[in-house]
Amino acid sequence: EAGRQMMLNGSNEFHRQRASLEGYTPLYHAPTYIAISGPEGAVFNAVNAALAAENIMIAATALGYGSCYLAGITPVFTGADAKYRELTGIPKNYTYICGVIIGKVDDVNAFSPNPRPEKNRTNVNFIK
C-alpha cells in the first residue's frame with residue numbers, strides 16, 4: 001500500500017493514473033518479490049543490479065513464470081521510513097536499487113488497455 005500511495009502522491013502522471021485504478025497494487029499481487037541492493041557508493045551498482053534482475057527474469061521465464069522489473073517504488077525503500085528496507089533484509093551499508101516480482105502470468109492484464117503479446121513472439125530485430 002505504501003508504494004501505491006507514493007505513486008498517487010508523486011509527480012509522474014503515468015504513476016498517478018495507474019495507482020488510481022481499482023484494485024491496483026505496484027507488486028501486482030505477485031507471490032515473490034526480490035529486492036536487489038548494492039554497497040552504498042559503489043560505482044556500478046545500477047548496472048550490476050539491472051544485470052542481476054535481467055538474469056532473474058530470464059530464469060523465471062525459462063521456468064514458465066512471469067516477471068516484472070520494478071524501479072518505480074524505490075523511494076519506499078530509500079525514504080525516511082526504514083521498515084520496508086528492514087523487511088527485505090537490506091544491510092545498513094547497502095542501498096536498494098530495484099526489484100523483480102515473479103508469479104503466474106494472468107491471461108489478461110487488468111491494468112493495461114493493451115492485449116498481451118502472442119506467446120513466443122519476438123520484438124528483437126537483427127541488423128546485418
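Coordinate-derived values only; no laboratory data. Here the structure is a predicted model, which means the values were calculated and not measured. Cβ placement follows ideal geometry from the backbone for every residue including glycine, while neighbour counts extend to all protein chains displayed.
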Checklist entry - If you stretched the chain out fully between residue 14 and residue 86, how much longer would it get, using 0.36 nm times the residue separation minus the C-alpha to C-alpha distance? => result 23.1 nm
Checklist entry - Of the listed peptides 68-74, 95-101, 24-30, 11-17, what is their order by residue-averaged count of other C-beta atoms within 10 Å, with the highest listed first? => result 95-101, 68-74, 24-30, 11-17
Checklist entry - region 29-87 to region 92-107: how many Å between their Cα centroids? => result 4
